[in-house]
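Enquirer: This structure is in structure tokens; I'll ask about it shortly.
Bear in mind these aren't lab numbers, they're just calculated from the coordinates by the rules spelled out. All of these numbers come straight from a predicted model, not from anything done at the bench. When we count neighbours, we look across all protein chains shown, and the Cβ atoms used for this are built from the backbone with ideal geometry, even at glycine.
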Amino acid sequence: MKPEGALAAQASRAGLAVVVGAGGGLGAALRAQLQADVSYARVLALGRNSELHIDYADEASISAAAHEVAGICAESGLELRLLLVASGFLHGEAGQPERSWTHLDMAYLQHVFLVNTLGPALLIKHLFPLLPKRGPCVATFVSARVGSIADNALGGWYGYRASKAALNQLVKTASIELTRRNPDSVCVALHPGTVDTALSQPFAKTGLKVRPPEQAATELLGVLAGLKPTDTGALMDYQGQTVPF
Ligand SMILES: NC(=O)c1ccc[n+]([C@@H]2O[C@H](COP(=O)([O-])OP(=O)(O)OC[C@H]3O[C@@H](n4cnc5c(N)ncnc54)[C@H](OP(=O)(O)O)[C@@H]3O)[C@@H](O)[C@H]2O)c1
């Protein structure tokens, strides 16, 4: 039986879906599956190498991409029904996640907060005004269970944990404002589980359940399809279970 949540409800009014971070492992799989989904008349990709260029270090690029999206909506008559943000940073040139407080490093902290928190905040600023004021719409940000303060039993990964905890707070806060504007809206943070991408690759330990991005994308889209406005503001895992903040 088909789920009766927000995405299913909007199937009869095909709209526009925007995927941010579509060049990443999970983002590419999400984009491909959305393109095959009849719920969306069009899927747009935003990223550093996507059709609409954005870089979180440059707010003007986000504002320009939002103008483009608004123009496409106006021209096509499509409404922005899904915003899916799949960007994120854990390790790279800017540094590695910290195993101890002795590893705390300003450059790494600034970068992990830029990509995981500040960029998504600016997406809320520039793209949320484009979400429809009536009818179902979903805004979702891929976060991580390690951003849950209640769930932190292991310590470590100070910057990544803190940046994802702050993202969860942004999602909760924006969900309240979005509901005031459109009571049919849903805004959630998602934990994708461990997925086989460049982000997780150095940390994939034996015993961890690592899933291919295609499987994780199917599971996350299944969760989105079942969401209802009462779910808004939550952090949910790929099985649809609410994770405490
Ligand atoms: N993989 C896992 O096991 C796992 C577990 C828990 C949570 N997550 C979360 O899942 C999400 C997707 O991660 P992934 O595994 O697919 O990682 P990934 O393959 O490394 O993709 C990361 C994405 O972030 C984007 N990005 C990085 N820096 C950016 C910047 N300065 N401006 C704009 N975009 C930037 C990249 O965009 P470009 O295309 O422009 O490079 C890319 O699309 C992330 O939020 C991650 O924290 C992943």
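Enquirer: Going by the alpha-carbon gyration tensor, a ≥ b ≥ c the square roots of its eigenvalues, is the range 19-101 rounded (a/c under 1.5) or, if a/c is not under 1.5, prolate (a/b greater than b/c) versus oblate?
Expert: Because a/c hits 1.5 or more and a/b fails to exceed b/c, the range 19-101 counts as oblate.
Enquirer: When the chain is modelled as a GNM with alpha-carbon springs shorter than 10 Å, which of Asn168, Asn152, Asn182 fluctuates the most?
Expert: The residue that fluctuates most here is Asn152.
Enquirer: Pick out which of Thr218, Thr232, Thr117 has the largest mean-square fluctuation in a Gaussian network model of the chain, springs linking Cα atoms closer than 10 Å.
Expert: The residue with the greatest mean-square fluctuation here is Thr218.
Enquirer: Could you tell me the convex hull volume per residue, in Å³, taken over the Cα atoms of the range 6-237?
Expert: Normalising the Cα hull of the range 6-237 by residue number yields 114 Å³.
Enquirer: With N set to the residue count of the range 62-111, report its C-alpha Rg divided by 2.2 N^0.38 Å to two decimal places.
Expert: 1.89
Enquirer: Taking only Cα atoms of the range 142-245, what ratio of Rg to Rh do you get with Rh as the Kirkwood inverse-distance radius?
Expert: 0.99
Enquirer: Moving to a separate point now. Using Cβ contacts closer than 10 Å as the measure, can you line up Arg211, Arg134 from fewest to most?
Expert: Lowest to highest Cβ neighbour count: Arg134, Arg211.
Enquirer: A further question on this structure: Is there a pair in Lys125/Lys205; Lys205/Lys228; Lys133/Lys228; Lys125/Lys209 whose C-alpha atoms are over 27 Å apart, and which pairs would that be?
Expert: Listed pairs above 27 Å: Lys125/Lys205; Lys205/Lys228; Lys125/Lys209.
Enquirer: Ignoring the sites themselves, what is the longest stretch of the chain with no GluC sites (Glu not before Pro) in a DSSP loop and at most 12 other beta-carbon atoms within 10 Å?
Expert: Between exposed loop sites, the widest span is 94-245.
Enquirer: Taking every DSSP beta bridge with both residues inside the chain, roughly what % is antiparallel (nearest 5)?
Expert: Details: 3 of 30 bridges.
Counting DSSP beta bridges with both partners in the chain, the antiparallel share is about 10 percent.
Enquirer: Taking 8 Å as the Cα distance limit and 6 or more residues as the minimum spacing, I'd like the relative contact order of the range 178-245 as a percentage.
Expert: Here the relative contact order equals 42 percent.
Enquirer: So if each residue of separation counts as 0.36 nm, and I subtract the Cα-Cα distance between Ala14 and Ile149, what length gain in nm does that give?
Expert: Fully extending the segment from Ala14 to Ile149 adds 44.8 nm.
Enquirer: Please give the FRET efficiency for Ala32 paired with Asp237, using the beta carbon to beta carbon distance and R0 = 25 Å, rounded to the nearest 0.05.
Expert: The pair Ala32/Asp237 has a calculated efficiency of 0.70.
Enquirer: Could you work out the relative contact order of the chain, using alpha carbon pairs under 8 angstrom and six or more residues apart, expressed as a whole percent? Show your work: numbers first, answer last.
Expert: On the way: 473 pairs, mean separation 55.9, N = 245.
About 23 percent, as a whole number.
Enquirer: If I model a spin label at Ser76 and Leu114 as a point 7 Å from the Cα along the Cα→Cβ vector, what separation in nanometres do I get?
Expert: Each label point is offset 7 Å from its Cα along the Cβ direction, giving 3.1 nm.
Enquirer: May I ask for log10 I(q)/I(0) of the range 67-196 at q = 0.09, 0.13, 0.19, 0.21 Å⁻¹, from a Debye sum over the Cα atoms as equal point scatterers with solvent left out?
Expert: Result of the Debye calculation: -0.31, -0.59, -1.04, -1.18.
Enquirer: In whole percent, what relative contact order does the range 27-143 give with Cα contacts below 8 Å and a gap of six or more residues? Mind dumping the intermediate values first?
Expert: Details: 100 pairs, mean separation 33.1, N = 117.
Once divided by the residue count of the range 27-143, the mean separation gives 28 percent.
Enquirer: With the cut-off at 1.5 for a/c, could you classify the range 114-160 from its C-alpha gyration tensor as rounded, prolate or oblate?
Expert: Taking the square roots of the gyration eigenvalues as a ≥ b ≥ c, the range 114-160 is oblate.
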